[in-house]
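Taking it in order: structure first as structure tokens, then the write-up.
Just so it is clear, none of the values below were taken in a lab; they were calculated from the coordinates. Keep in mind that this is a model prediction, so the values were computed, not measured. Here the Cβ is made from the backbone with ideal geometry for all residues, glycine too, and neighbour counts use every protein chain on show.
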Amino acid sequence: MSYHNRLPTFKKEHIQMAQKYQLYGDPFSYYSAKALAYLKFKNIPFEMILPTPDVYRDVIVPRTGVQYIPVLISPDDIAVQDTTEIIDFLEERHPKPSIYPLNPRQKLTSLLFELYADEWLLIPAMHYRWTYNEDFAFAEFGRFAAPDAPEETRRKIGAKASARFRGAMPALGITARTAPAIEAWYEELLSQLNNHFSTHDFLLGTRPCIGDFALFGPLYAHLYRDPWSGAMMDRTAPHVARWVQRMDNPEGGEGAFLENDAVPETLFPILTRLFSEHFPVLADTAAQVEAWLETHEGEEISRAIGAHNFTLAHGSETITEKRLVFPYAQWMLQRALDCYGAFTPAQKTSVDGLLDAVGGGQAMQTAINRRVARVDNKLVPAG
């Protein structure tokens, strides 16, 4: 957990062409961790550079037009922003071993876990960080906001720098009403993953898939690396903690996905909850994006476009709360729906058996009437 202490801070020479990939981000960052684990697994030479104010001013904003991390700059000076696009960019250049299964049931499952981890597990990740790990988070934000300042000053600066992240909790639906349900959900997820990783190295065998790298984002950057929730994981879900360590320190070797396109039944409860709680939000997001585009023709799509209800199970109760509508989630949903839509009839027959077992058959028929695309790191109407 001391990896971050070895990260180089920004120097002017980083603007010049490098001999290896440069990842502008931090292991503390949800999405940076996803890219970090991928680079390590593929054994791709890289250095990670802290996102200090100088980095944002001199590199990130000029190269991407946005203020988000992570950003990858290749040895041939191509800048890529957004973790999903970073990984797909690198997969084209470093295709073996692929992190995308070829067989249909496993391929779709890996994309569903990526969607769930990237978009929905942000809820427990943010809840635990700002409810139980706040002081640690202040110190971490201060570390890259003012790396040369004294520790106490860094902490105060970090508290100020992190205000917009802490303030985003209600936008995600994290409130006093939902907090007990979020904690029950996360504890259930830990138990389910602990059961799975007690017999499997990764989600789909002895090789990590895209779903593993996406899960690493919340489960490492927020929920293992942050001390309170990290101790909780060690105590209650040791097999998940060991999976985190495998992802963070890959031992080499390609590994393999399970034979015969098998998807372990230990993953079924997680997929079932994905379809029952997350997919209704995704379907309504697509409907609201369509309606928004009808009155905002030709405009860049806002990061949030209104609010809608969502539900979380909590014992015998169902908790309902509001959260903002995030159009980016539709872009991620399109990946899974496009994957399913491209299957042959025979492949769909095989996949539909899995979907029926986890309550996802109808969900995968979700219609996207107005597609979105990422152009110049911004979300725009497709076509």
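The table below lists the values:
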quantity	calculated
All lysines inside 16 Å of Lys348 as judged from Cα atoms, apart from same-chain residues fewer than 8 positions distant	Lys107
Estimated [θ] at 222 nm from DSSP helical runs (n ≥ 4, -39500 (n - 2.57)) normalised by residues in the chain, nearest 500	-14000 deg cm²/dmol
Axial C-alpha extent at least 27 Å, average Kyte-Doolittle at least -0.5 - helices from the chain (DSSP)	none
Net charge contributed by nearby residues that have their C-beta within less than 12 Å of Ala171 (K/R +1, D/E -1)	+4
Computed lengthening from Ala382 to Ala342, 0.36 nm per intervening residue step minus Cα-Cα distance	12.5 nm
Full-extension gain in nm, Gln362 to Ala139, via 0.36 nm per residue minus C-alpha separation	75.7 nm
Global form of the stretch 43-171, assessed from the alpha-carbon gyration tensor, a/c cut-off 1.5	oblate
Radius 14 Å from Cβ of Tyr68, net charge of other residues (Lys, Arg +1; Asp, Glu -1)	+1
Cβ-Cβ FRET estimate between Thr175 and Asp148, R0 fixed at 25 Å, reported to 0.05	0.10
Translational diffusion of the stretch 129-172, µm² s⁻¹ [Kirkwood Rh, Cα pairs; Stokes-Einstein; 20 °C; 1.002 mPa s]	208
Exposure rule at most 13 other beta-carbon atoms within 10 Å, DSSP loop GluC sites (Glu not before Pro): the chain longest free segment	1-250
Neighbour-count ranking [beta-carbon atoms within 10 angstrom, fewest first] of Trp228, Trp120, Trp292, Trp243	Trp228, Trp292, Trp120, Trp243
Whole-angstrom gap from the stretch 309-356 to the stretch 265-296, using each part's C-alpha centre	5
Size of the chain as Cα extents on the principal axes (Å, biggest first)	57, 49, 45
